[in-house]
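Undergrad: Sharing a structure, written as structure tokens. Questions coming.
The values are calculated or read from the model by the stated rules, or taken from the named source; none is laboratory data. These numbers come from a predicted model, not from an experiment. Backbone-built Cβ (ideal geometry, glycine too); neighbour counts: all protein chains shown. Side chains are part of the model used for accessible areas, which takes the heavy atoms of the whole protein and leaves out ligands, DNA and RNA. Shrake-Rupley method; radii C 1.70, N 1.55, O 1.52, S 1.80 Å.
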Amino acid sequence: MSFIVKTEKMVAGGDCLARVNGKNVFIPYALPDEELEIEITKSFRDYDLAKITKILTPSPHRVQPFCPLYGSCGGCNLQHIDSEYQIELRKSIIKDCFEREGVTCPTIEVISSENQNYRSRIQLTDGGFNKKESNEIVSLESCPIATKEINGYLQNMAQSDRPRGRVHLFGDERILGEKKVIVAQEREKAAREIKVQGASSKRKEKLRLQANRHFAGTFLNQNNRCQVNLLGKSIAFDVQGFFQSNLSVLEKTLSQVTRNMGGRNLLDMYSGCGTFSVFLADFFDKVCMVEHNRDAIVFAEENLRGKNHESFGLSGENWIKFSAENYIAGNGPFDAVVIDPPRSGMEKAVCQWLCRSKIPQIRSVSCNPSTHARDARFLVKAGYRLSKLYLLDFYPHTAHIESLANFEYSE
């Protein structure tokens, strides 16, 4: 059965909201203020999902997608919207999330860069992309979102010659060395090679083992190692692990995070491979990094070599429970915190500790506006002021939203 609807706002995830007989309906590939003919595809107790069968009154911001795979590839979902309006929609989603939590937003500023050929990381399955909501493979010779280095790899290697299985590619002009595309070996395959090689000298060449008194060493496949130059500093990481895929926006974000920062002690919570700490170590006497991922913390140790720092291979909750008090007793209070939690947001214990801490400056980076707003509500109630809020436009043509919030505490 078909229905005629008028769409309302866009929600997190990129669908637009409409109503049928008072029930919420979410419609992909729609824009706000469009008149559409739709068909319900899935029905749930509180809402329905629908597909567009006919566009009756299109938005003036609707455009022709530039990629021939759009709609079948499982990547982009906003190419039907002009780029400037995409940014406004992402800003409105952030604002809605914060206002639902009772947090008054300052004017949302935007950190952005190019909207094509920006993505340094892609994932291939059997040489192609996964089809949207399917295990089928979409073949491709290029991707207009990927960097020119990745497209060079795709164009010079037939799909049949590309590695089988799930493979991560990281390609960018900022990669140090002659090889500008790293094709990451699957962890499972690396583990099998390690098992076969046993304790031989060849095994030692393929692994990186490092430890300090706060965390254990780990196994890392050197084939997956990548090293990039960001704003004149070298940062190494594991391509199979997490690292931002839009390096131009990352460089601009780094400049913003470090602005007007400085003091004796900095806490980098959920530090990853130490990307923020590499730069902030220039402005603080000592940096404390907390990261539960043992692969990432090994790279953080390498990246901070020569800088006064201390690393803890612990979850945020366990660091607070077992280490925070002693660290502060030995080093003094923190002057600032940079925190970049997973999509689930800050651990409850971390958020509660920050609310009690009265640390003067908090720079909070997030990949989920809903949990970012939730955590902001607790900080504001504890006496912090949300002084700056940014849309970090890492992923144009997608509904993925990252944000940066600056919080200041004053008695």
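Undergrad: Could you list all residues from region 78-113 that are among the charged types (D, E, K, R), in a helix (DSSP H, G or I) and closer than 24 Å to LEU379 by Cα?
TA: Just the residues of region 78-113 that are among the charged types (D, E, K, R), to begin with: 82, 84, 88, 90-91, 95-96, 99-101, 109.
Filter again for in a helix (DSSP H, G or I), leaving 84, 88, 90-91, 95-96, 99-100.
Passing the criteria: ARG90, LYS91, LYS95, ASP96, GLU99, ARG100.
Undergrad: If I filter region 253-264 down to residues being part of a loop (DSSP other than H, G, I, E, B) and open to solvent by 20 Å² or more (accessible area, probe 1.4 Å), which single residue comes out as nearest to GLU109 (Cα to Cα)? Working first, answer last.
TA: From region 253-264, those part of a loop (DSSP other than H, G, I, E, B) are 259-262; that's our starting set.
Those still in the list that are open to solvent by 20 Å² or more (accessible area, probe 1.4 Å) too: 259-260, 262.
Numbers: ARG259: 15, ASN260: 17, GLY262: 23 Å.
Looking at residues that are part of a loop (DSSP other than H, G, I, E, B) and open to solvent by 20 Å² or more (accessible area, probe 1.4 Å), I get ARG259.
Undergrad: I'd like the full set of residues that are of a type outside the set (A, V, I, L, M, F, W, C), assigned to a helix (DSSP H, G or I) and farther than 14 Å from ARG264 by Cα, limited to region 300-334. Give the derivation first.
TA: First, pick out the residues of region 300-334 that are of a type outside the set (A, V, I, L, M, F, W, C): 301-303, 305-311, 313, 315-318, 321, 323, 325-327, 330-333.
Then keep just the ones that are assigned to a helix (DSSP H, G or I); that gives 301-303, 316-318, 321, 325-327, 330-331.
Scanning region 300-334 gives GLU301, GLU302, ASN303, GLY316, GLU317, ASN318, LYS321, GLU325, ASN326.
Undergrad: I'm checking my understanding of the structure. Among residues of region 285-299 that are part of a strand (DSSP E or B) and not basic (Lys, Arg), which one is most open to solvent (accessible area, probe 1.4 Å)?
TA: The selected residue is ASP285.
Undergrad: Can you pull out every residue in region 23-63 that is open to solvent by 70 Å² or more (accessible area, probe 1.4 Å) and either free of Cβ contacts under 8 Å to residues at least 12 places away in the same chain or touching a helix residue (DSSP H, G or I) at 6+ places or on another chain (Cβ under 6 Å) (or both)?
TA: Hits for region 23-63 are THR41, LYS42, SER43, PHE44, ARG45, PRO60.
Undergrad: Moving to a separate point now. Check PHE66 against each of (1) surrounded by 15 or more Cβ atoms within 10 Å (Cβ to Cβ); (2) in contact (Cβ under 8 Å) with a residue 40 or more places away in the chain; (3) more than 18 Å from the chain's Cα centre (by Cα) and name the one condition it does not meet.
TA: (1)
Undergrad: So, in region 123-160, of the ones that are hydrophobic (A, V, I, L, M, F, W, C) and in a strand (DSSP E or B), which residue ends up most open to solvent (accessible area, probe 1.4 Å)?
TA: Of the residues in region 123-160, the ones hydrophobic (A, V, I, L, M, F, W, C) are 124, 129, 137-138, 140, 143, 145-146, 150, 154, 157-158.
Among the residues that remain, those that are also in a strand (DSSP E or B) are: 124, 129, 137-138, 146.
Values: LEU124: 4, PHE129: 25, ILE137: 65, VAL138: 18, ALA146: 0 Å².
Once the filter is applied, the top-ranked residue is ILE137.
Undergrad: State the number of residues belonging to region 393-411 that are closer than 24 Å to ASP335 by Cβ and crowded, with 23+ Cβ neighbours inside 10 Å. If you could, list the steps in order and put the result at the bottom.
TA: Of all residues in region 393-411, those closer than 24 Å to ASP335 by Cβ come to 403-411.
Checking the rest, the ones that are also crowded, with 23+ Cβ neighbours inside 10 Å come to 403, 405, 407.
Going through region 393-411 one residue at a time, the tally reaches 3.
Undergrad: Going through region 51-77 one residue at a time, which ones are assigned to a loop (DSSP other than H, G, I, E, B) and within 16 Å of ASP33 (Cα to Cα)?
TA: Matches in region 51-77: PRO58, SER59, PRO60, HIS61, VAL63.
Undergrad: I want to confirm something. Restricting to region 265-283 and keeping residues that are touching an Asp or Glu at 6+ places or on another chain (Cβ under 8 Å) and in a helix (DSSP H, G or I), which single residue is most open to solvent (accessible area, probe 1.4 Å)?
TA: Looking at the filtered set, the residue picked out is PHE276.
Undergrad: Do we have CYS76 as surrounded by 16 or more Cβ atoms within 10 Å (Cβ to Cβ), over 30 Å from VAL167 (Cα atoms), in contact (Cβ under 8 Å) with a residue 60 or more places away in the chain and out of contact with any Gly (no Cβ under 9 Å at 6 or more places or on another chain) here?
TA: Numbers: surrounded by 16 or more Cβ atoms within 10 Å (Cβ to Cβ): yes; over 30 Å from VAL167 (Cα atoms): no; in contact (Cβ under 8 Å) with a residue 60 or more places away in the chain: yes; out of contact with any Gly (no Cβ under 9 Å at 6 or more places or on another chain): yes.
It is false that CYS76 is surrounded by 16 or more Cβ atoms within 10 Å (Cβ to Cβ), over 30 Å from VAL167 (Cα atoms), in contact (Cβ under 8 Å) with a residue 60 or more places away in the chain and out of contact with any Gly (no Cβ under 9 Å at 6 or more places or on another chain).
Undergrad: Restricted to region 1-13, and to residues that are at pLDDT below 95 and part of a loop (DSSP other than H, G, I, E, B), which residue is least open to solvent (accessible area, probe 1.4 Å)? Even if it seems obvious, please write down each step before you answer.
TA: Keep residues of region 1-13 that are at pLDDT below 95, which gives 1-2, 12-13.
From what's left, part of a loop (DSSP other than H, G, I, E, B): 1, 12-13.
Numbers: MET1: 172, ALA12: 64, GLY13: 48 Å².
Among them, the one singled out is GLY13.
Undergrad: Picking from ARG363, ARG385, ARG374, which residue would you name as being in a strand (DSSP E or B), open to solvent by 30 Å² or more (accessible area, probe 1.4 Å) and within 19 Å of ILE94 (Cα to Cα)? Even if it seems obvious, please write down each step before you answer.
TA: Details: ARG363 fails: open to solvent by 30 Å² or more (accessible area, probe 1.4 Å); ARG374 fails: in a strand (DSSP E or B).
Testing whether each residue is in a strand (DSSP E or B), open to solvent by 30 Å² or more (accessible area, probe 1.4 Å) and within 19 Å of ILE94 (Cα to Cα) leaves just ARG385.
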